[in-house]
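Structure, as structure tokens:
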Amino acid sequence: MKILGPFVFLLLLGGLWCQNNRNAKATGKSTKKSSGIQQGDAGQSASAADVTSGSTGRTGSTSRNTGGSAESRQEGAAGTRGAGQQTDDMRLHYLTNTQVTCNDGTVAGFYLKEFRGSRRWLLFLEGGWCCYSRETCDYRYQNIPRLMSSSGWPETKRGSGILSSKAEDNPHWHNTNIVFIPYCSSDVWSGTGPAPTPPSRPRQAEYNFMGSLIIREVIKDLIPKGIKQAKVVMLSGSSAGGTGVLLNIERVASQLQQLGAEAQVRGLVDSGWFLESKQQRSPNCPETVSCSPEDAIKIGLRLWNGVVPDRCRQLFKRGEEWKCFFGHRLYSTLTSPVFIVQWLFDEEQLRVENIYIGGQSMSEEQWQYIQNLGLELKNSLRDVTAVFAPSCLSHTLITKSNWTSFQVRGTSLPRALQCWDRSLEATRNNRTPAKGCPFHLVDSCQWPQCNPTCPALVDKTTQQELTLLQMLVAMGLDLQRLGLDPQGDADSLVSMVRNGG
């Protein structure tokens, strides 16, 4: 127990340091850092995209068989745009191929902000988990219809974080063509249409699952916009969108190559690097709503007619394709360069184990799982070439408005992405990459929130910012029983905290 003392003192100091750091920032800014605590992946996706919606010009029915041509829809959309629209906005475009749709049959689409003269493209896949049965899809449609239908999508969005077109918010990718692809297929971007149903079995759900096809059609519709002349195409995404990047990057690279493009296709995976659940579940998962992610994907793959990368599929026997949805199993099979952004204590990973930070009581076993999670994630990222992994409790990062403030060992994520970009360009041009520009950044400290740049923890009941130890006490843990008794060498621990581990 005594050996835990110094680490606990680190937590206390880290909490105080982070609190003082946030307070100092608050005095100079009118906006306050928001909590990283979310209500779940589906609810998260609206805020994780962190976009400001413009006017909603779409008032049509949510019928599953939409009428009218793509041209007429585009003309109607153009008519609703005000003359004073700001140029920072991304504009909605519906797919030319109206046969590729959202779950409910409404035509899918994308938002585009062009930067004339740029040969760099940033495509972003929205997140929001999935549905995998008639029951879960009906529930999703009733409660989060925007993740299954394009009806009601606003005509414009304004991106933040890496989707921002302002240099002060997005120092390295603001001057690029930005494409935001809304998630309305509920299949982790893997679906290729209606799944074949044996004659003896009635169809399980009357929904379309075309996530992978939507990406393909977006690329096609971007050809007139100049994507064939691109130098770099970055396929990015958060949460389920991040997993969608891993599943589709090789397919996107192949499609662009077949079009004659010479672009280097890269991937940016934000909070989509999950580990398998350790919780025992009911054996009759198909009849329940609370499946583990593995079981949900196993069932969903059949419903979605889902596809995984060929090289990964060949690693596993028939029926085990679901394993390719987990980055630590898939990563080594990819030929395109990929950058992984992952909080070491991802809240969605914790939610899978029924652990909700700031929302309910916590057992000693759950606290032990949290501690082990950070170590397991670090181990899974050991062979990843480009990674940014802060030791924080949060979910999604690259579209947060304050994404430039998070650091690992003194390097911010935008800086790490720039270093990675320079390294790839140097290698591509047979030059030696510059030294002193890191892009493999994993926190070395062992505890949640030990990085002083972590997002604040907020008690869901009181909405007060708390340190980690204050949060654990509020969630009913006995710190002394756990051996969390602050003591140790203050000078060395303060130094560790200030250096982010």
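The values are calculated or read from the model by the stated rules, or taken from the named source; none is laboratory data. Predicted model, so just to flag it, every value in this text is computed and none were measured. Glycine also receives a Cβ, built like all others from the backbone with ideal geometry; neighbour counts cover every protein chain displayed. Accessible surface is based on the protein model in full, side chains and every heavy atom, while ligands, DNA and RNA are left aside. Shrake-Rupley method; radii C 1.70, N 1.55, O 1.52, S 1.80 Å.
Distances between placed amide hydrogens fall under 5 Å for Phe388 paired with Ile340, Val341, Gln342, Leu441, all partners being 5 or more residues away or on another chain. Accessible surface of segment 105-164, 1.4 Å probe: 49 percent of it comes from carbon and sulfur atoms.
Normalised by 2.2 N^0.38 Å, where N is the number of residues, the C-alpha radius of gyration of segment 297-382 stands at 1.32. Of the Cα atoms belonging to segment 91-183, the radius of gyration and Dmax stand at 15.2, 48 Å. The share of alpha-carbon pairs in segment 131-198 lying farther apart than 21 Å comes to 47%.
Using bins of 5 Å that start at zero, the share of Cα-Cα pairs per bin across segment 124-278 amounts to 2, 8, 16, 19, 20, 16, 10, 6, 3, 1, 0, 0, in whole %. Taken over the alpha carbons of segment 354-479 as equal point scatterers, the Debye sum produces base-10 log I(q)/I(0) values at 0.14, 0.21, 0.23 Å⁻¹ of -0.70, -1.26, -1.39.
Couplings for segment 311-325, taken from phi via the Karplus curve 6.51 cos²θ - 1.76 cosθ + 1.60 with θ = phi - 60°, read 5, 6, 4, 5, 6, 10, 6, 4, x, 10, 4, 4, 5, 6, 7 Hz in order; Gly and Pro are left as x. Peptides 88-95, 99-106, 435-442, 392-399 ranked from most to least packed, by the mean per-residue count of other Cβ atoms within 10 Å: 392-399, 99-106, 88-95, 435-442.
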